[in-house]
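First up is the structure itself, then whatever we jot down about it.
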Amino acid sequence: MIWRILKYTLAAAVLLVGVTVAYFSYKLYFTSPLDGAPPIKGVVKEHVFPMDDIEARYGINEDIKLSIYLPPQYDGDRKLPVIYLLDGDSLFEGTAGYLSAMIEENPNHAAILIGVGYGYLNPYLAEMGMGRWRDYAIPGDKEFNVNPNAPGFLAFLTQHLVPYIKSNYKVDDSRSALFGHSMGGDMAFFSFLSFQPQKVDNPFTHFVIADGGNEAHFVERYMPEFEQRLASYATPLNQTLHVYFIWGGEVGEEGALEHIESLYRWTENLNYPGVKGYRYFPAGLDHGATMRTMAVEGLNLLLSPERRADYEHSHSRKIVE
């Protein structure tokens with residue numbers, strides 16, 4: 001009798017563990033902190049760059065899928081800000097919902113949203129060396145054992161994807177943003193640090209970097225290279241670059257805040273007209289929750305003059321409990 005009870009107890013425990021693992025696996029791989037965002041109001045289109053049509057020099061060996069949000073009042077005549085959102089497979093729908101709500105409250109906040117993805121159910125399910133694990137990996141990053149393709153992917157964005165959007169939609173080049181979270185944040189910071197002052201067609205003016213960009217190779221290589229490029233270029237930039245750092249998950253860890261703060265301080269101390277840094281460090285958020293913060297606060301910074309003035313009044317915004 002006792003053995004039978006123990007057997008059923010053990011079976012129940014195994015079942016409970018299995019259900020728990022399955023639940024959290026589902027939460028990790030098939031849901032997003034952006035679930036529950038407002039409904040999308042507007043038009044959503046899709047466009048695919050087939051793998052066979054993407055030049056080999058870009059290093060991309062799969063289709064690139066765009067999800068394109070157009071606000072209800074889009075008529076093709078008025079130029080609108082454009083937001084390029086990395087990890088579009090998982091973040092586009094929620095971000096488009098928040099943007100829809102923002103536009104509904106104030107039509108002057110209208111913008112075009114481009115979700116850049118691969119057509120995966122969830123980008124985190126892609127094999128290493130595929131999708132984001134390949135294209136957002138920065139040379140010098142030792143965290144992932146992959147062939148890093150960030151330079152090739154940035155070239156694709158700059159030379160292929162952005163020109164496609166500009167030729168098919170009316171976009172305001174003075175407010176062209178790249179949003180990225182985690183490895184996408186690495187990619188967004190890398191894109192900023194790759195800015196070429198002598199070029200007149202740099203694709204982005206705003207860079208929203210959430211929980212990314214703080215690895216050693218940025219500090220040791222890419223940030224000094226960026227400083228040298230700016231120092232060698234005497235003419236002021238033709239438009240301001242806005243760099244926005246969002247951090248949540250590591251803020252409470254010992255020594256982490258000082259390290260993350262140094263990224264913002266670096267932009268503040270560049271002493272170069274035309275580069276502005278902002279920071280928003282909400283305490284108590286885990287790594288996934290900053291996806292929502294990136295969407296909401298990033299949209300506010302880009303589109304809302306009132307909220308932007310709030311940031312610019314003190315040159316930044318910082319919340320740490």
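Read the figures in this text as sums done on the coordinates, not as results from a lab. Just so we're clear, the structure is a prediction, and the values are computed from it rather than from any experiment. All Cβ positions, even for glycine, are placed from backbone atoms using ideal geometry, and neighbour counts span all protein chains on display.
Structure above, values below:
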quantity	calculated
Dipole in debye (nearest 20) - the range 37-313, about Cα centre, beta carbon charges: Lys, Arg +1; Asp, Glu -1	800 debye
Part-to-part distance (alpha-carbon centres) for the range 131-167 and the range 72-89, which is given in Å	21 Å
Beta bridges per DSSP with both ends in the range 37-313, % antiparallel, nearest 5	30 percent
Charge dipole of the range 37-313 about the Cα centre (unit charges at C-beta), most positive-ward option of His47, Thr267, Pro236	Pro236
Rounded to whole Hz, the Karplus (6.51, -1.76, 1.60) HN-Hα couplings of the range 165-172, x for glycine and proline	5, 5, 7, 10, 9, 7, 10, 8
Mean projection area, nm², convex hull over Cα of the range 83-240	10.0 nm²
Extension gain from Arg307 to Leu121, taking 0.36 nm per residue of separation minus the Cα-Cα distance	63.6 nm
Cut-off under 5 Å, modelled amide H: who pairs with Arg279 long-range	Phe245, Arg317
Between the range 95-118 and the range 185-237, the Cα center-to-center distance that results, in Å	26 Å
Estimated vicinal HN-Hα couplings, Hz - the range 45-56 in sequence order (Karplus 6.51, -1.76, 1.60; Gly, Pro = x)	10, 10, 9, 10, 8, x, 3, 5, 9, 8, 4, 4
For Leu34, net neighbour charge (Lys/Arg +1, Asp/Glu -1) across residues whose Cβ lies under 9 Å away	-1
Radius of gyration, Dmax [the range 37-313; alpha carbons; angstrom]	17.7, 51
